[in-house]
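The structure appears below as structure tokens.
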Amino acid sequence: MEFLSYWWVLVILFIIFSGLVTVNQGTIAVITMFGKYQRILTPGLKFKIPVIEQIYKRISIQNRSVELEFQAVTADQANVYFKSMLLYAVMNADEETIKKVAFKFISDKDLMQAMVRTIEGNIRSFVATKRQAEILGLRKEIIEAVKFEVDHVLEEWGYHLLDLQINDITFDQAIMDSMSKVVASNNLKAAAENEGQALLITKTKSAEAEGNAIKIAAEAEREAARLRGQGVALFREEVARGMSMAAEQMKQANLDTNVILFSMWTEAIKNFAEVGKGNIIFLDGSPEGMEKNMKQVMAMMKLEKEK
């Protein structure tokens, strides 16, 4: 009986515990009183007035994604098929933002439908101003244009567009086949141009190398000729000097210089015969010819002596 006298304590405890609310991390709870917005509850263990206050909605502030597939038509009446991925989230955890998110749409399904239709409409409007051949090269421009337009709309709903990716862009099969043929022909054209350029470079380099080789050979031949000329000149100079010295010595010994000249003449003929290697050399062996050669030798000796 004494226990039953404290029933009101149990009622109070029940009411208190029924007012405790747990809000998960990444979630904001929206509290209403008699159907009217009252306040928000942040993550953690919170308290609401039992019976009077109700949790109207739990709103996740984590990132959410959705995949989109839709069709658009270009300015030249080509069908374009898009597959894209949308990443969005609640703009922030401020009270005003949470109120927008909680009361703008009846349910998440309605929000999703409005968001998808908005993005599809913006992409279709952009594609309608472009030609089929331009679409594949404008992927980045399409994303930037849509993000700029859609982000303003989502801000009014309390959301922020984090990212929009166009994963795939395709056309009708006939268009895809024609595009493949164009790419193949362009590749063949580029290959032919590259081959022509390579052949031209090869021919040019070969001509340059041949020209350099001829130039080097000419320089070498000119240098060799110069050295041969110097060698012949030195040889003649030494021969003339030797003959002059021999003649001078014979003169000092009171000997006829014609004797040494005759000896040198016969020695030269002997050398011709030894190193001729079978080649035929015609020499004037008559007395007149030998006298003529002797005079030439004497003239060389005289010139050398004057030097």
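Observations
- Conditions (1) over 15 Å from H160 (Cα atoms); (2) surrounded by 15 or more Cβ atoms within 10 Å (Cβ to Cβ); (3) in contact (Cβ under 8 Å) with a residue 40 or more places away in the chain; (4) among the polar types (S, T, N, Q); number of the one not met by T97: (1)
- Condition broken by K99, with the remaining ones in (1) within 39 Å of the chain's Cα centre (by Cα); (2) within 16 Å of L154 (Cβ to Cβ) satisfied: (1)
- Residue check for L87: within 16 Å of L161 (Cα to Cα) and either of a type outside the set (G, A, S) or modelled with pLDDT of 90 or more (or both): yes
- Top-ranked residue in segment 60-88 [being assigned to a strand (DSSP E or B) and of a type in the set (G, A, S); ranked as farthest from N122 (Cα to Cα)]: S60
The values are calculated or read from the model by the stated rules, or taken from the named source; none is laboratory data. Keep in mind that this is a model prediction, so the values were computed, not measured. Here the Cβ is made from the backbone with ideal geometry for all residues, glycine too, and neighbour counts use every protein chain on show.
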